[in-house]
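Participant: Would you mind keeping the following structure in view while I ask a few things?
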Amino acid sequence: MDNQTIKARKATKAFFLVCGLGISSWAPMVPLAKDRLGLNDADLGLLLLLLGGGAIVMMPICGVLSHRYGTRIIMIISAIVMAICLPFLLLISSIPVMAITLFIFGCAVGTVDVAMNSHGVQVQNSSGRPIMSSLHGLFSVGGLFGALALGFLIKLGLNPIAAAISIAILLIVIVSVNYGALFSSKREKELIQEYSHATSEEKKTNISWLKGSVIFLGLMCFAVFLSEGAMLDWSAIFLHENRGLNAEFAGLGYAAFSVAMATMRLLGDKIVSRLSSVTIVFGGSLIAAAGLFLAVLSPWTSTALIGFIFVGIGTANIVPVFFSEGGRLRNIPATVAIPAISTMGYAGQLAGPAMLGFLAFHFSLPMALTVCAVLLLMVGIAYGLKNKGKAVVNAPHNPAI
């Protein structure tokens, strides 16, 4: 691995960490914003949709911009906008202004997420070995620490605004220091040309994302992200209402899931380098589905927590594998495939809470989680059947099918 790639890998890891920190720093601000704006649960839910909506809107646009200008400039601008928004989310007392700011924050989050994944795929291609799992692992680590950072700084004596400004400054410093080490747009285009094998005719078309291979990976991501969203939005409610766990400890379910996922992603590159994509996806989906079935069918809290750990272990490396494959699709540049796959995937995370809420209302929450388990099984079976008899591996130098 050449020195330029080593530096780019470290810089890309820094951006994944920053993105995780930035997104999760908003989480402890939510109750503060709710009280400050005088919102009820329904109004807060509508307001939060704007964050996800902004991300979904910008993801395909980011693909167009990245294809034209390169991901490096997109990453730095969107990361800085994300950081600047954080203090304002604690200051604004007007609902319309808060709505606009949350939408902008969501746009920045969606943009940096797609751009850094596209860039990460090119760094992986250049390095000649899997790195996407560890990149997503650092995102998960950032998510774990970001949710605690604001409270920790407040405990040290800072007021919430000063704490948010401190976090924003830290994020800006990290991305500014690492910006120069990212691949230039010229280097990215060389790698995209090498690994997508794009023809001149393919370069001219604007509908590459309609390719069946892109839609297939996007739908697989939709199902996996929906299940991950279920852990975020419904695991605490399940433990409290269906397993009788005290409300103050109900967050243990998501904590168990998150720690398991972060750990597996940090170890994931070694696992991915030794196993085929089919093994990772099929095996992971089976483990995750088994975890959900265990949580739903067992009457004990302890086994439910073990089940959520299995979900984290199983799903941890599935999405990184999908993104890696999306970056190597023949005749489809990564700057086209990754935004399309990301948009469909994150749509699942955004729509997931509403879909599961509908099922829980009309049937039960255990039934809704069972549907997630079935979807995960379908992901593993569909991916396995599609690649039956094919040696689909994760080494970047191997062309995707």
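Participant: Here are some pairs, K186/K386; K211/K386; K10/K270; which of them have Cα atoms lying more than 25 Å apart in this structure? Display every interim value, and only then the final one.
Facilitator: On the way: K186/K386 34 Å; K211/K386 15 Å; K10/K270 17 Å.
Among K186/K386; K211/K386; K10/K270, the Cα-Cα distance tops 25 Å for K186/K386.
Participant: Taking neighbour Cβ counts within 10 Å as the exposure measure, how do K186, K211 sort from fewest upward? All intermediate terms of the calculation are to be shown ahead of the outcome.
Facilitator: On the way: K186 8, K211 19.
In increasing order of surrounding Cβ atoms, one gets K186, K211.
Participant: Running a GNM on the chain with Cα contacts under 10 Å, which residue among L191, L32, L21 ends up with the highest mean-square fluctuation?
Facilitator: L32
Participant: Further question: If you build a Gaussian network model of the chain, linking Cα atoms that sit under 10 Å apart, which residue out of D113, D35, D233 swings the most?
Facilitator: Largest GNM mean-square fluctuation: D35.
Participant: Taking the Cβ of each residue in C85, C19 as the centre, tally the other Cβ atoms inside 10 Å and list the residues starting with the fewest.
Facilitator: Values: C85 22, C19 28.
Placing the least packed residue first, the sequence is C85, C19.
Participant: Using the Cα gyration tensor of region 3-196, with a ≥ b ≥ c the square roots of its eigenvalues, what is the shape: rounded (a/c below 1.5), prolate (a/b larger than b/c) or oblate (neither)?
Facilitator: On the way: a/c = 2.48, a/b = 1.73, b/c = 1.43.
Cα axes put region 3-196 in the prolate bin.
Participant: Exposure proxy check: V374, V224 ranked by fewest other beta carbons within 10 Å?
Facilitator: Numbers: V374 13, V224 26.
Arranged by neighbour count, lowest to highest, V374, V224 become V374, V224.
Participant: Which helices pass in the chain if a helix is a full DSSP H run, must span at least 20 angstrom along its long axis by Cα, and must have mean Kyte-Doolittle hydropathy not below 0.5? Write down the numbers at each step before the final one.
Facilitator: On the way: long enough: 3-25 (33 Å, 0.32); 41-69 (41 Å, 1.29); 71-91 (31 Å, 2.45); 95-127 (47 Å, 0.98); 132-155 (35 Å, 1.41); 160-178 (27 Å, 2.51); 212-237 (37 Å, 1.58); 252-274 (32 Å, 0.75); 277-297 (29 Å, 2.20); 301-315 (21 Å, 1.65); 334-362 (41 Å, 1.09); 365-386 (32 Å, 1.97).
Those that clear 20 Å and a mean of 0.5 are 41-69, 71-91, 95-127, 132-155, 160-178, 212-237, 252-274, 277-297, 301-315, 334-362, 365-386.
Participant: Additional query: Could you give the dipole magnitude of region 54-188 about its Cα centre, charging the beta-carbon of Lys and Arg +1 and that of Asp and Glu -1, in debye to the nearest 20?
Facilitator: Details: 6 positive and 2 negative charges, 54 e Å.
In debye, rounded to 20, region 54-188 gives about 260.
Participant: I need the calculated FRET efficiency for the pair H362 and N3, taking r as the beta carbon distance and R₀ as 56 Å, to the nearest 0.05. Could the numbers behind the result be given before it?
Facilitator: Working: r = 58 Å, r/R0 = 1.04.
That pair, H362 with N3, gives E of 0.45.
Participant: With an 8 Å cut-off on Cα pairs and a minimum separation of 6 or more residues, tell me the relative contact order of region 208-386 in percent.
Facilitator: Values: 271 pairs, mean separation 69.1, N = 179.
Computed over region 208-386, the figure is 39 percent.
Participant: How much net charge surrounds E188 when only the other residues with a Cβ under 12 Å from the Cβ of E188 are counted, with Lys and Arg +1 and Asp and Glu -1? Numbers along the way, then the final one.
Facilitator: On the way: positive: R68, R72, K186, R187, K189; negative: E190, E194.
Its environment carries a net charge of +3.
Participant: On to the next question. Could you tell me which of rounded, prolate or oblate describes region 208-386, using a ≥ b ≥ c as the square roots of the eigenvalues of the alpha-carbon gyration tensor, with rounded for a/c under 1.5 and, failing that, prolate when a/b is larger than b/c and oblate otherwise?
Facilitator: Values: a/c = 2.19, a/b = 1.65, b/c = 1.33.
The shape class here is prolate.
Participant: Can you show me the helix-derived [θ] at 222 nm for the chain, built from DSSP H runs with n ≥ 4 at -39,500 (n - 2.57) apiece and divided by the number of residues, rounded to the nearest 500.
Facilitator: Taken over the chain, the calculation gives -27500 deg cm²/dmol.
Participant: Right, next: If I model a spin label as a point 7 Å beyond the Cα along the Cα-Cβ vector, how far apart are those points for K189 and L156 in nm?
Facilitator: Here the answer is 4.4 nm between the modelled labels.
Participant: Continuing with the same structure: Round to the nearest 0.05 the FRET efficiency obtained for M378 and I61 when R0 = 45 Å and r is the Cβ-Cβ distance.
Facilitator: Details: r = 30 Å, r/R0 = 0.68.
Here the calculated transfer efficiency is 0.90.
Participant: Given labels modelled 7 Å from the Cα in the Cβ direction, how far is it in nm from A351 to K388?
Facilitator: 2.8
We did not get these values from a lab; they are worked out from the coordinates using the rules stated. Owing to the predicted nature of the structure, the values given are computational and were not obtained by experimental measurement. Glycine also receives a Cβ, built like all others from the backbone with ideal geometry; neighbour counts cover every protein chain displayed.
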